[in-house]
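*Asks:* Sharing a structure here in structure tokens format.
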Amino acid sequence: MTPLRSATIFFLVAFTLAFAPAAHAGGDPADGSSTPQQGTATEFTVAPYFLLPTMSGNMTIRGRSLEVDLGASEIIENLEFGIMGYFEVRRGRWGFGFDLLYMDLEKEASLETPLGPAGAILGMQQGLYELSGIYDATDWADIVFGVRINNISGDFETLLLGIKGGDSKTWADPFVGANLVVPDIGNWLLGTRIDFGGFGVGSNYAFQVYPTVGYDFARWFTLAGGFRFLKMKYESGDGDGLFVYDMSIYGPFVGFVFRF
């Protein structure tokens, strides 16, 4: 593993920011409160975490289809750069969140050509940038809504035939969903985030769910872990200009949630 990849993995573990998805629904879980926050105090949440993702699906670039099947160990091995992050601010029942996910990968893959499948080098850069509004509806549910901006770039070059190409697409997916938690379980956190998006506006469809379990060691600190699953399908163009991104990204995560 190159020093750049080792440094990138260290950066992901130590400095990325993300969100334990249901940590605030229905009040302050650190003290077991199930009463929604009604005051005017502003609260922020950041949470360094590490995700072990698997990617499975299909990319079509310039009309040529490539199968993608990358386990967590392969992604770490082929990761050129990555950063993930979440920032959230809440005041009363309302909140605002910004989520960032970016990965730059390079991997050998199988490319469909007129002569049959051929070995190729696939480069893929994926950025997801999510802006969300949050409303604390009950002691067990937040309503979430917003837009997720997707930027996908891909390029390929066959190892023997000299065929190469590349393309990049950016689109926006509206989404709506909820953060759900089990209320009144003391210092424990048990919940899930679920949302649906795309609706043909950008992606044909997009779906995300990530259940979370955690424990509040203090009002300002929660140790959390869970499993994240994101599925989307986007396509545009036709013939030699066809671009398709049909992908599932999923894997376990562990995080350290700080509130202040």
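The values are calculated or read from the model by the stated rules, or taken from the named source; none is laboratory data. Predicted model only: the values in this text are computed from it and were never measured. Note that we place each Cβ from the backbone using ideal geometry, even for glycine, and neighbour counts take in every protein chain shown.
*Asks:* Select from region 60-73 the residues that are surrounded by fewer than 18 Cβ atoms within 10 Å (Cβ to Cβ) and at pLDDT 85 or above and write down the one among them that is nearest to the chain's Cα centre (by Cα).
*Replies:* Looking only at region 60-73, we keep the residues that are surrounded by fewer than 18 Cβ atoms within 10 Å (Cβ to Cβ), and these are 63, 65, 67, 69, 71-73.
Of the ones still in play, those that are also at pLDDT 85 or above are 69, 71-73.
Working: 69: 17, 71: 16, 72: 14, 73: 18 Å.
Here the answer is 72.
*Asks:* Okay, moving on. I'm checking my understanding of the structure. Among residues of region 219-237 that are under 23 Å from residue 184 (Cβ atoms) and assigned to a loop (DSSP other than H, G, I, E, B), which one is nearest to the chain's Cα centre (by Cα)?
*Replies:* Initially, region 219-237 is screened for residues under 23 Å from residue 184 (Cβ atoms), giving 219-226.
Next, only the ones that are assigned to a loop (DSSP other than H, G, I, E, B) stay: 219-220.
On the way: 219: 26, 220: 24 Å.
Among them, the one singled out is 220.
*Asks:* Yes or no: residue 240 among the charged types (D, E, K, R) and either crowded, with 21+ Cβ neighbours inside 10 Å or part of a loop (DSSP other than H, G, I, E, B) (or both)? Please lay out each step first, then the result.
*Replies:* Values: among the charged types (D, E, K, R): yes; either crowded, with 21+ Cβ neighbours inside 10 Å or part of a loop (DSSP other than H, G, I, E, B) (or both): no.
The answer is no for residue 240.
*Asks:* If you go through region 85-105 one residue at a time, do you hit one that is surrounded by 14 or more Cβ atoms within 10 Å (Cβ to Cβ), at pLDDT 80 or above, outside any loop (DSSP other than H, G, I, E, B) and touching a helix residue (DSSP H, G or I) at 6+ places or on another chain (Cβ under 8 Å)?
*Replies:* yes
So that you can scan it fast, the table gives a plain yes or no per residue for (1) surrounded by 18 or more Cβ atoms within 10 Å (Cβ to Cβ); (2) modelled with pLDDT of 95 or more; (3) closer than 30 Å to residue 242 by Cβ; (4) under 16 Å from the mean Cα position of the chain (by Cα):
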| residue | (1), (2), (3), (4) |
| --- | --- |
| 119 | no, no, yes, no |
| 133 | no, yes, no, no |
| 136 | yes, yes, no, no |
| 142 | yes, yes, no, no |
| 163 | no, no, yes, no |
| 173 | yes, yes, yes, yes |
| 192 | yes, yes, no, yes |
| 213 | no, yes, no, no |
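*Asks:* Give just the number: which of (1) exposed (fewer than 15 other Cβ atoms within 10 Å of the Cβ); (2) hydrophobic (A, V, I, L, M, F, W, C); (3) outside any strand (DSSP E or B) does residue 76 not satisfy?
*Replies:* (1)
*Asks:* Taking the conditions exactly as written (among the acidic types (Asp, Glu), modelled with pLDDT under 80 and not in a helix (DSSP H, G or I)), does residue 43 satisfy them or not?
*Replies:* No: the conditions fail for residue 43.
*Asks:* Testing residue 178 on (1) surrounded by 17 or more Cβ atoms within 10 Å (Cβ to Cβ); (2) at pLDDT below 95; (3) small (Gly, Ala, Ser); (4) touching a Lys or Arg at 6+ places or on another chain (Cβ under 8 Å), one condition comes back false. Which one is that?
*Replies:* (2)
*Asks:* Filter region 165-198 down to the residues that are of a type in the set (S, T, N, Q) and assigned to a strand (DSSP E or B) and list them by number.
*Replies:* Those that are of a type in the set (S, T, N, Q) and assigned to a strand (DSSP E or B): 168, 170, 179, 192.
*Asks:* For region 215-237, how many residues meet the condition of being surrounded by 15 or more Cβ atoms within 10 Å (Cβ to Cβ) and out of contact with any helix residue (DSSP H, G or I) (no Cβ under 9 Å at 6 or more places or on another chain)?
*Replies:* 12
*Asks:* What single numbered condition from (1) under 22 Å from the mean Cα position of the chain (by Cα); (2) surrounded by fewer than 16 Cβ atoms within 10 Å (Cβ to Cβ); (3) part of a strand (DSSP E or B); (4) not acidic (Asp, Glu) fails to hold for residue 201?
*Replies:* Among (1) under 22 Å from the mean Cα position of the chain (by Cα); (2) surrounded by fewer than 16 Cβ atoms within 10 Å (Cβ to Cβ); (3) part of a strand (DSSP E or B); (4) not acidic (Asp, Glu), the lone unmet condition for residue 201 is (3).
Table: residues versus (1) in contact (Cβ under 8 Å) with a residue 40 or more places away in the chain; (2) assigned to a strand (DSSP E or B); (3) within 24 Å of residue 128 (Cα to Cα); (4) touching an Asp or Glu at 6+ places or on another chain (Cβ under 7 Å).
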| residue | (1), (2), (3), (4) |
| --- | --- |
| 217 | no, yes, no, no |
| 244 | yes, yes, yes, yes |
| 248 | yes, yes, yes, no |
| 253 | yes, yes, yes, no |
| 258 | yes, yes, yes, no |
